[in-house]
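Remarks on the structure that follows.
The values are calculated or read from the model by the stated rules, or taken from the named source; none is laboratory data. As the structure is a computational prediction, the values presented were derived from the model and not from experiment. Here the Cβ positions follow ideal geometry from the backbone for every residue, glycine too, while neighbour counts run over all protein chains shown.
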Amino acid sequence: MNRTKALIVMLCMASMAFAKKGDWVTIKNGDLWYDTEGKVVQAHGAGFLQMGDTWYMIGEDRSRSWNPDVNMYSSKDLQTWKFEGKIIENGVTHSDLGRSRFIERPKLMYCKKTKQFVVWCHWEGSNYGASEAGVFYADKITGPYKFHAGERPLGIKSRDCNVFVDDDGTAWFISTIEENQHLGFFRLADDYLSAVECTQLFKRQAREAPAIVKVDGIYYMLSSACTGWNPNQCKLSWTRNLTEGWSQLENIGDNIAYDTQAASILTIKGTKTTTYLYVGDRWMDPDLPRSKTIIFPITFKDGKCDFTYREQFEINFKTGEWREVKS
């Protein structure tokens, strides 16, 4: 390791160490993330999966801007990230990747029935004409991941996407469908490798970046309009039945979602309380490779969401508590 790289690693590790106060971790927004080797974290459009006390994050490697690989990182505090490797790689995992196909918004699930890890993503071609979903699977969370399918689920055009696993283990793939006009709620097979039915919702409302969480028996969804890399108003909807009865979309936060677009909502279950963390992409800040990942706590109650940006905050992963930090 040369001196420059060693210095970068030491500075990164030092900043991570100073961010901890006992069991409390300070999370500060607006800066690039660095892994434990001192390299910029590349995991845009991130998906998360918690196994034990470890969070695994996968996302687009935009270091080349276009035709991203999919990277995986692990962390116990959402700040100290270890690079686990490229789990889906151009020209390696599939010969079309990096040529006629590319990946956006990879999301990770664990199927208890098959004991396999499954990735669903937006599987796209030139000019967004393919409009397909890609599916990969592995026996170990860090891979190697194998290609299972790249197609329009149930023959339906599918683009921007996310996943949701319900309390009973039922998995859902939620994507903007039919030229970005509606949202498709695809119920997945028991092995999570294919879709078995689709319910079309939010018709002709042009929503994308759907992120769903279940709180006290209520499903909440955050989503955005379709404006490319430009931020727009985040909206909230809720229901007690995932495939029907959704409330009208309601504006939350400021008119550009604090310059973010929803990627995931994390559930931090502690010994004292449960905290929900919004994870959003701050695209093109200042460009794709250096786009930022933004995290801040949000609260849900009785069909409402407190969606207030915090430049920094402290969280205790043991108790689940969080607290304000003055900038």
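Listed here are the residues, each with its yes/no results for (1) under 16 Å from Lys86 (Cα atoms); (2) in contact (Cβ under 8 Å) with a residue 40 or more places away in the chain.
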residue	(1), (2)
Gly129	no, no
Glu132	no, no
Tyr137	yes, yes
Ile141	yes, yes
Pro153	no, yes
Ile156	no, yes
Phe164	no, yes
Asp168	no, no
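With Ile141, Ile174 as the choices, which residue is within 19 Å of the chain's Cα centre (by Cα), assigned to a loop (DSSP other than H, G, I, E, B) and hydrophobic (A, V, I, L, M, F, W, C)? Give the steps one after another, and end with the answer.
Numbers: Ile174 fails: assigned to a loop (DSSP other than H, G, I, E, B).
After applying the criteria, what remains is Ile141.
Of all residues in the stretch 292-327, those satisfying the criterion of being hydroxyl-bearing (Ser, Thr, Tyr), at pLDDT 95 or above and surrounded by fewer than 20 Cβ atoms within 10 Å (Cβ to Cβ) are Thr299, Thr308, Tyr309, Thr319. Checked against (1) under 25 Å from Ile265 (Cα atoms); (2) modelled with pLDDT of 95 or more, Ala149 meets all criteria but (1). Taking residues in the stretch 274-289 that are among the small types (Gly, Ala, Ser), and partners anywhere that are not in a strand (DSSP E or B), the pairs with Cβ atoms closer than 6 Å and at least 6 places apart or on different chains are Gly280/Thr260.
Taking the listed residues Phe147, Phe185, Phe117, the one that is part of a strand (DSSP E or B), more than 22 Å from Trp55 (Cα to Cα) and touching a Leu at 6+ places or on another chain (Cβ under 7 Å) is Phe185, with no other qualifying.
The set of residues in the stretch 273-327 being touching a His at 6+ places or on another chain (Cβ under 7 Å) and part of a strand (DSSP E or B) consists of Asp281 alone. The residue pairs whose first member lies in the stretch 57-83 and is at pLDDT below 95, whose second member is charged (D, E, K, R) and buried (at least 24 other Cβ atoms within 10 Å of the Cβ), and whose beta carbons are closer than 7 Å, counting only pairs six or more residues apart or on different chains, are Pro68/Glu60. Hey, could you check the stretch 42-65 for residues that are among the acidic types (Asp, Glu) and assigned to a strand (DSSP E or B) and say which is nearest to Pro289 (Cα to Cα)? Filtering first and then ranking leaves Asp61.
I need the full set of residues from the stretch 56-92 which are in contact with a Leu (Cβ under 6 Å, 6 or more places away or on another chain) and within 25 Å of Ile268 (Cα to Cα), in order please. Answer for the stretch 56-92, where residues must be in contact with a Leu (Cβ under 6 Å, 6 or more places away or on another chain) and within 25 Å of Ile268 (Cα to Cα): Tyr56, Ile58. If I filter the stretch 150-168 down to residues being of a type in the set (Asp, Glu) and in a strand (DSSP E or B), which single residue comes out as farthest from Asn71 (Cα to Cα)? Selected residue: Glu151. Out of all the residues in the stretch 271-290, is one or more within 14 Å of the chain's Cα centre (by Cα) and closer than 20 Å to Asp167 by Cβ? Checked the stretch 271-290: at least one residue is within 14 Å of the chain's Cα centre (by Cα) and closer than 20 Å to Asp167 by Cβ.
Restricting the search to the stretch 105-127, which residues are free of Cβ contacts under 8 Å to residues at least 40 places away in the same chain and not hydrophobic (A, V, I, L, M, F, W, C)? Reasoning before the result, please.
First pass over the stretch 105-127, keeping only residues free of Cβ contacts under 8 Å to residues at least 40 places away in the same chain: 115, 123-127.
Across the stretch 105-127, the qualifying residues are Lys115, Glu124, Gly125, Ser126, Asn127.
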